[in-house]
1. Report, as a whole number in µm² per second, the diffusion coefficient that Stokes-Einstein gives for region 217-301 at 10 °C and 1.306 mPa s using the Kirkwood radius over alpha carbon pairs.
2. From zero outward in steps of 5 Å, how is the percent of C-alpha pairs of region 81-180 spread across the bins?
3. Show the residues, 5+ positions off or on another chain, whose built amide H is closer than 5 Å to the amide H of L337.
4. Show the residues, 5+ positions off or on another chain, whose built amide H is closer than 5 Å to the amide H of D315.
5. Less than 15 Å apart at the alpha-carbon level, and either on another chain or at least 8 residues along: which aspartates and glutamates does that give for K187?
6. Hey, how many Å between the Cα centroid of region 118-134 and the Cα centroid of region 293-344?
7. Taking the solvent-accessible surface of protein heavy atoms with a 1.4 Å probe, what is the per residue accessible area of region 122-184 in Å²?
8. Please give the FRET efficiency for W403 paired with N143, using the beta carbon to beta carbon distance and R0 = 35 Å, rounded to the nearest 0.05.
Amino acid sequence: MLFVAMGTYYKKPFFKVASFRRFVSLVSVTLIGALLLILVLRTNSVSTVVAPPLNEVYDYTSSENFKLPKQNEMSIQLEERNRLPPRNVDLFPNLTQDHIVIVLYVHNRPQYLQVVVKSLSHVVGIKETLLIVSHDGYFEEMNKIVDGINFCQVKQIFAPYSPHVYAGGFPGVSLNDCKDKDNATEKHCLGTPDQYGNHRSPKIVSLKHHWWWMMNTVWDGLEETRGHSGHILFIEEDHFIFPNAYRNLQVLTTLKPLKCPDCYAANLAPCDINSKGEGGNTLVAEKMGNVGYSFNRTVWRKIHKKASGFCFFDDYNWDITMWATVYPSFGAPVYTLRGPRTSAVHFGKCGLHQGQGNNGACIDNGVFNIGLEDTDKVTNINSEWSVRIIQQQQGYKAGFRGWGGWGDERDRQLCLQFAKMYHSTNTAGSRRVELSTS
């Protein structure tokens, strides 16, 4: 009786417990599945590298990871202008598939710029590509000259953090900035001197700032070029470009991986700016020059990884910084491929911020003539030519510490920010900057 009673007593709860266990199992499986789905979604949102949207320029000043100077009205206006599409698209709607983008890097020498623009207008193939003009700040006369270009697609960009844009503070001149060889402690002024005891000069440091900002913006910031996988040609406002330059460069960039796989770049002109080439029927591999140089994104990535070395080397010249510290860090000679005859010449005779006005004093006393021969107007590079390597090249020896002018910690940090500004990762609603300095 007791047994039956006990059996009856335990049997009924057994079915209740079993049903309850099945219910709990079902709910548990459902919850685990939901949690796994949420986890996967969150993991994807955290780990995905997000490039800046095509129609957005991030306001990095709002992030604790970025310490760019607070923008004034002019800086904001220039950055907005940088988002404008190229002009003359209606006249030249199609860029060729293998086009080489041309970047013209200018300061404030309108007399020079007029010469360069006129030379570009005669370049064979110029209508097939995009010309980007990068300004160190805003100068109305320079802007008007570029506005008059009608021979190709053209886009203007303006350095929004140029010292020329900031009249009352860094990166321009601050009232309490140290000057010349001031002792910061005694004068109670701001600034860290270079290795020679000299404090920063805004119009001088703008050289290096502009070049580095331009490189980062062209390769990684602009909608028109951040997906460009080919070469980009860089020229300056005192470089006269020959009619055959673009066609020659197309040949050189095609031959480079075949004839000189160790070459990093292709140049329009010899490294020695006073040379017009050796002539003959041989390609030349030599030290990369600073007149009409071109390279691709692979090389840019190598350069960008050396941002720390570039930004902390005490020399206000971007090219000397590259020759003295960045290129040597690659571990092997940095060669460029060029033809035996130049396709560009350097004609500047004035300082960086001269060449203004109409007195003509900066260009051969008002007369500027380049003696072009017939061979300078057509492609004059043969794909069958061999390559002569110039191994003994003049350069800066180990231990060279730079010519100075770049000792202020604020300039160095601003330089680093330019290297970071287009490299962000979206992590849980915040932006994390990742930069390799190895």
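1. Diffusion coefficient, whole number: 114 µm²/s.
2. 2, 12, 20, 21, 16, 11, 7, 5, 4, 2, 1
3. A265, A266, N267
4. Amide H neighbours of D315, under 5 Å, 5+ apart: G404, W406.
5. D177
6. A separation of 24 Å, based on Cα centres.
7. That works out to 38 Å² per residue.
8. 0.65
The values are calculated or read from the model by the stated rules, or taken from the named source; none is laboratory data. Predicted model only: the values in this text are computed from it and were never measured. Using ideal geometry, Cβ is built from the backbone for each residue, glycine included, and neighbour counts are taken over all protein chains shown. The accessibility values were calculated without ligands, DNA or RNA, using every heavy atom of the protein model including side chains. Shrake-Rupley method; radii C 1.70, N 1.55, O 1.52, S 1.80 Å.
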